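Note sheet for the following structure.
The values are calculated or read from the model by the stated rules, or taken from the named source; none is laboratory data. The structure displayed is predicted, hence computed values, not measured ones. Note that we place each Cβ from the backbone using ideal geometry, even for glycine, and neighbour counts take in every protein chain shown.
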């Protein structure tokens, strides 16, 4: 059974069929395709195009097709060009000639546009739930390490002391933003149902598009039928968010790969989330983290590929748009595999507080030394210079900052008085940075993180 071909006198060449057919990947749209077809059948009945009996025959047949897909018993046929053809062909076998009325006033152009939006709404919800689960794991780790001191980095150089909780939460907030992006995008997608746009010019039947949209969970309809069948903004938006999630996961992975290296020894991964070497018995490889880092490139590539496909298309539907599905499905599959694995890895990872604190060098308190001088009335730029000279002198002497003599300090600045020892306290340095969002404001930051989690419907500890 074909959905087109009356004007053709020759069959399609096999090479073209292999290139053109998409059932091998768009079969996963079966559920939303059937949902959309049920809504369309009901809309046709409301418009007087179908009788109630015909509508019910179609609805019953479509549910039987859905059940076959769900049970894995659906049998494809040689003429199944895509999921739409396969569903309608099987519906015809089940319900008879009435199946030929289902496509009245509808095109595969507005059908697939609707299918894709419905699928994306479900995909966004699933990825959001997995991101929230990973976010919970990060919060739980932060709660365990509110007093664990460690060097914070810029340019991958030790910079200032922070807590491990502050570091864990620095990876929580990007994921929270990713969830919010998905939620915002989904709200936009729900506002524009394309069904009823036909091939490009709209349907000639008196379809109540707003009621049709609402029956599918949309809040509104598209404003222009020509735009509606060509619009793949939602696909690009999802791939952008997926790519950004990949970037955020890659940064978290990179930190943990470094910290788990014995040269640092800050972290240890549970053996269930590590792999070994086929040659070197001692190896514990952070493969899940390396795959997270590697797959971020895959996700970025999907976004770049779709944008390149979209950039030069003329108005209306073009077959190039078939290239939207495989990157979308693969991006979803990639994140669906990554996020649970990383959640388990984070939940079971352990930190080494003594190693982290042992990596703190008093030179990380040079800014605190400058602030000490500022409190004594020294302009910050001058204080910065004095603190820099102090660090250089300590390096020249081969001693730590606190071990410089009183005479050395006095030679640098008369303001470096005897109470300078108070500067060289890592915990105090962290506590001094208690502004909102600072490393010393952990109670408030954790409270905000827990509140965000609760707003997503997940209980959070206090």
Can you tell me how many residues within the stretch 337-360 are out of contact with any helix residue (DSSP H, G or I) (no Cβ under 7 Å at 6 or more places or on another chain) and either without any contact (Cβ under 8 Å) to a residue 60 or more places away in the chain or surrounded by fewer than 14 Cβ atoms within 10 Å (Cβ to Cβ) (or both)? 4
Could you pull out the residue among 235, 213 that is under 17 Å from the mean Cα position of the chain (by Cα), farther than 28 Å from residue 450 by Cα, touching a residue at least 12 places away in the same chain (Cβ under 8 Å) and outside any loop (DSSP other than H, G, I, E, B)? 235
Helices (runs of 4 or more DSSP H) enclosed by the stretch 352-446 - at least 1 residues per element that are more than 29 Å from residue 168 (Cβ to Cβ): 366-375, 380-397, 406-412
Note on residue 77: of the conditions (1) in contact with a helix residue (DSSP H, G or I) (Cβ under 8 Å, 6 or more places away or on another chain); (2) modelled with pLDDT of 95 or more; (3) in a loop (DSSP other than H, G, I, E, B), unmet is (2)
Odd one out for residue 24 among (1) at pLDDT 85 or above; (2) touching a helix residue (DSSP H, G or I) at 6+ places or on another chain (Cβ under 6 Å): (2)
Identify, please: which residue in the stretch 401-433 is closer than 21 Å to residue 152 by Cα, in contact with a helix residue (DSSP H, G or I) (Cβ under 9 Å, 6 or more places away or on another chain) and exposed (fewer than 14 other Cβ atoms within 10 Å of the Cβ) and is, among those, modelled with the lowest pLDDT? 422
Could you check how many residues of the stretch 183-208 are free of Cβ contacts under 8 Å to residues at least 60 places away in the same chain and not in a loop (DSSP other than H, G, I, E, B)? 4
Residue in the stretch 57-70 that is over 28 Å from the mean Cα position of the chain (by Cα) and within 30 Å of residue 341 (Cβ to Cβ) present: yes
Restricting to the stretch 80-94, name every residue that is part of a helix (DSSP H, G or I), in contact (Cβ under 8 Å) with a residue 40 or more places away in the chain and farther than 16 Å from residue 32 by Cα. 89, 92
